[in-house]
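Here is the structure we will look at.
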Amino acid sequence: MSMNRRSVVKAVAAGGALMGLSVLMPRAAMAAWTKAAFEASEQSAAIKALYGEDSATESPEVILDAPDIAENGAVVPVSVSTTLPNVESMSIFIENNPSPLAVQFMIPEGTEADVSTRVRMGKTTNVTAVVKADGVLHRATKEVKVTIGGCGG
């Protein structure tokens, strides 16, 4: 079934403002969903706001790859992967940043759970990856030393 522009406009008009927001601006709708997590100033609070709990356990099945020393905190490469089944989401937290939640990835069913990004780090701190799989939270943590600040440093 293909939808042309007129069909989309009709669906938006019939579906109301919230439906229209999610159809026309999915980023805005998702941003409202995780707003409290991104605004939290403490890592534990950010995890609770995002997942409803902060009970992630260390897991060797969560592979967090980040440099031991970041020469420039403005662009620190971080990747997370896992072989856990039924991965729902993967998030990266930078413990001592003003806003610890750096990114959350929603992993569609049947997709390989392997993500990479670059994060900003203001100073030496722990980087934590939280993976939600089968409704259970798993984590891996690594300290990254920053030599040149990237978050206002």
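Our estimate of slack between E109 and S44, defined as 0.36 nm per intervening residue step minus the Cα-Cα distance, is 20.7 nm.
Number of Lys-Lys pairs in the range 41-146 with C-alpha atoms under 23 Å apart and a separation of 8 or more places or on different chains: 5. Diffusion coefficient of the range 41-146 by Stokes-Einstein, Kirkwood radius over Cα pairs, 20 °C, 1.002 mPa s: 157 µm²/s.
The distance between label points at N126 and T141 comes to 0.1 nm (points 7 Å beyond Cα on the Cα→Cβ vector).
Listed by chain and number, the aspartates and glutamates placed with their C-alpha closer than 18 angstrom to that of K35 are E53, D54, E95; residues fewer than eight positions away on the same chain are left out.
Only the coordinates and a few stated rules stand behind these numbers; no lab work does. Just so it is clear, the model here is predicted, and its values are computed rather than measured. Quick reminder, even Gly has a Cβ in these numbers, built from the backbone with ideal geometry, and neighbours come from all protein chains shown.
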